[in-house]
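Colleague: Structure below; questions to follow.
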Amino acid sequence: MQTWKIVLGTSALAAIAIAVVVVRQGDALFGGTAGAAIPNPAAFAMPVPVANIVKKTIPISLDYSARTESIRNVALQAKVSGFIQQQHIADGTDVKEGDLLYTIDPRDFQAALDQAKAQAQRNIAALEYARSNLDRGSTLAQSGYLAKDTLDQRSSAARQAEATLAMDQAAI
């Protein structure tokens, strides 16, 4: 960039010098004053900007259009769904196994637990009824007042109630 300024400035000075010579010779040829005083060449000099040179190290910075991506990406996926109540660690922070990252709002889970406990209580009552019905049916079947098929149905109902209660316990 500086080289072009120097070349341009030098070219401009050369053009001015040629113009001065041509004008003077034209004056001499066309009846101008031959012995006239020569004007001071400093009056025709063009101003040139001057700067002091300072030696210093300039850092090289290169700009590229690109997209960067980390070496390792970890996708976090919750085992349960819910609303996040609090974030304990900022995004991008290094974490260790077992660190608490988020707290999920427990109200939905508490409601589901309460519902499962209530369902278990209802199924306990149904199981007690099925067992007492089976006990009565066994006594009646031994004396011959109840059909074998009806006794089997009561036995099946009691086992189904036990299985339902086991499912409720697992849900809790």
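Colleague: Determine whether GLN119 is among the polar types (S, T, N, Q) and loosely packed, with under 12 Cβ neighbours inside 10 Å.
Modeller: no
Colleague: Could you tell me whether GLN115 is more than 30 Å from LEU8 (Cα to Cα) and part of a helix (DSSP H, G or I)?
Modeller: Against the criterion (more than 30 Å from LEU8 (Cα to Cα) and part of a helix (DSSP H, G or I)), GLN115 qualifies.
Colleague: Also, quick follow-up: Looking at TYR64, TYR129, which one is without any contact (Cβ under 8 Å) to a residue 60 or more places away in the chain, of a type in the set (Phe, Trp, Tyr) and not in a helix (DSSP H, G or I)?
Modeller: Just one listed residue meets the conditions, TYR64.
Each value in this text was obtained by applying a stated rule to the coordinates, not by laboratory testing. As the structure is a computational prediction, the values presented were derived from the model and not from experiment. Note: ideal-geometry Cβ built from the backbone for every residue, glycine included; neighbour counts use all protein chains shown.
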